[in-house]
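Below is one structure, written out as structure tokens, with a few remarks after it.
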Amino acid sequence: MTVRPTTPDPATGTTAGSARPPALPARWDSLVQDFLADRAALDRVIERFGTPLHLLFPQVFTDNLARLTEVLDAAAVGYRICYAHKVNRSATLVRTAAALRTSVDVASAGELESARQAGFTPDRIEVTGPKGEVFLRTLAGSGVTVNIDNQWELETLAGLARPTAPVPVLLRISGFPDSRPSRFGIPVDSVDRALDVLRASGDRLDFRGLAFHLDTGDIAERLRAAETCFGLLEQAYARDLLPSVLNIGGGLRQVFTADERRFDEYVHRLRDGLSGRGPRMSWGATTFGYQVDGTSVRGTPVFHKYANTVAAEEMLADLLAAPLEGHGGRGIGRVAADNLLEIWLEPGKALADLAGITLARVEFVKESADGSVLVHLDLSRDSVTPADQEVMADPLLLPRYPPAPATTPVGVYLAGRLCLERDLVTAHKIWLPWLPRPGDLVVFPNTAAYHSDLSAAAAAMHPPAHKVAIEWRDGTFRATPDAEFRPTPPGGEPLSPEDS
Ligand SMILES: *Cc1c(COP(=O)(O)O)cnc(C)c1O
């Protein structure tokens, strides 16, 4: 087949937007880059496990955790980090968290079992999310902390709990001033009723404190939530309750892009393509959540989070230090410390940031009726992104047999292996350095958090991608099947999950 080449990138620093193809350069961890550059190590892994393949890098997770704990240590406040298990189903990451002595936030019976097997004891487990009666029965008396979602749950648990084993509980609060509506949590105005139940059930429910979780990158919204919770904690003290925890949830952001300017330039061109002002860069009728009306393109795209450039530790430091108006300008960290409150966090994606990649093989390349080039892969879209998202970070193309051919970039769409029209891995056009050939490898960046596991199904009876942990030890990259992975302390023998 013939494919019209795109004007090559002259790589001479030409002005933005002139000749080089649009791109969404991805951020990669240096350990992951080293692994991909070690072609022998990469080939050994692929030969042993095949493709598609999710690779996890527990050492990157460890580094992410270290950066957050450094901020918390500097804030001089008591804290607890609960790794939000739901971002990734692997044993590798939850066992790594257990060995690093974090706590864990689980949101289902399956995650609870996974956390226990990883070595978490009940005092280091917190259960969030909506829970039915069956699950509440297993939680009562188990020793884990229950983060209460609603009044029914609180009353049901109060009925199930026994004075011989009081259940530690947090109340999740929602409905803060100017926050978007949330389906989770007890509304601020109804906390009174919940406090009454806690007061009346003091022998069975051990009230630990309040919690919120906001799915936003907005610091101001979190500050309003924290301020509201400090006020509600006062109400609790007034009723002789003794809460000692403020749980500020997760939501610390990931950074996907390595080049903000090129990202913006790409999105600009994508919008021009939608409005007809420039060449089309999207498949079919896809609009990515934009409202396209004639030549106007409005709204917030589904992929807005890929534009973030604020690192999680920076966001956390800002959040802890930003002045609270109602507390004489002290920050959350100071107010908590002054009131002997422990800050709990539930980071998920921030801990898994850059700690996983996904490998796929090119099966074949074809041209569709409208002249678009489709590169078919041996995985489906749900292995690298939730359905309603669009991953705006370029994958890496590697030749089946090095060296890479020297040719001009080609604009393509990546197609998945399911016989469904919607199974396009990218619905936006991406430019690859050469026209892929069967057997070439496509590497998706930063897939560990929510991308690889959130919606992956065994559709069309394709088996799901294997998971493999990759570690750099003793001068070489070691690959271990996920189920067999045991964290290795520096210089030591691998821990069995039971002794960690
Ligand atoms: C999903 C979830 C988290 C993790 O959120 P991230 O944005 O991945 O940090 C934390 N807490 C609760 C209650 C959640 O539902």
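The values are calculated or read from the model by the stated rules, or taken from the named source; none is laboratory data. This is a predicted model, so every value here is computed, not measured. As a convention, Cβ positions derive from the backbone with ideal geometry for all residues, glycine included, and neighbour counts pool all protein chains shown.
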- Restricting attention to region 160-184, report how many residues are outside any loop (DSSP other than H, G, I, E, B), within 14 Å of the ligand (Cβ to nearest atom) and among the small types (Gly, Ala, Ser). 1
- Looking at region 432-470, which of its residues are within 16 Å of the ligand (Cβ to nearest atom) and of a type outside the set (A, V, I, L, M)? ASN446, THR447, TYR450, HIS451, SER452, ASP453, SER455
- Note on the structure: Expected single match for assigned by TED's automatic domain parsing to the domain that holds LEU214, modelled with pLDDT of 95 or more and touching a strand residue (DSSP E or B) at 6+ places or on another chain (Cβ under 6 Å) among THR138, THR145, THR164 is THR145
- Note on the structure: Within region 202-251, residues being part of a helix (DSSP H, G or I) and either small (Gly, Ala, Ser) or more than 16 Å from the ligand (Cβ to nearest atom) (or both) number 16
- Message: Being more than 16 Å from the ligand (Cβ to nearest atom) and β-branched (Val, Ile, Thr) is the filter here; which residues of region 101-159 pass it?
- Response: THR121, VAL134, THR138, THR156
- Within region 266-303, residues aliphatic (A, V, I, L, M), over 25 Å from SER368 (Cα atoms) and under 27 Å from the mean Cα position of the chain (by Cα) come out as VAL302
- Note on the structure: Restricting region 303-333 to residues that are of a type in the set (D, E, K, R), more than 30 Å from ASP34 (Cα to Cα) and assigned to a helix (DSSP H, G or I), the one farthest from the ligand (Cβ to nearest atom) turns out to be GLU325
- Item | Members of region 373-397 that are surrounded by fewer than 16 Cβ atoms within 10 Å (Cβ to Cβ) and either charged (D, E, K, R) or within 21 Å of ARG262 (Cβ to Cβ) (or both) | ASP388
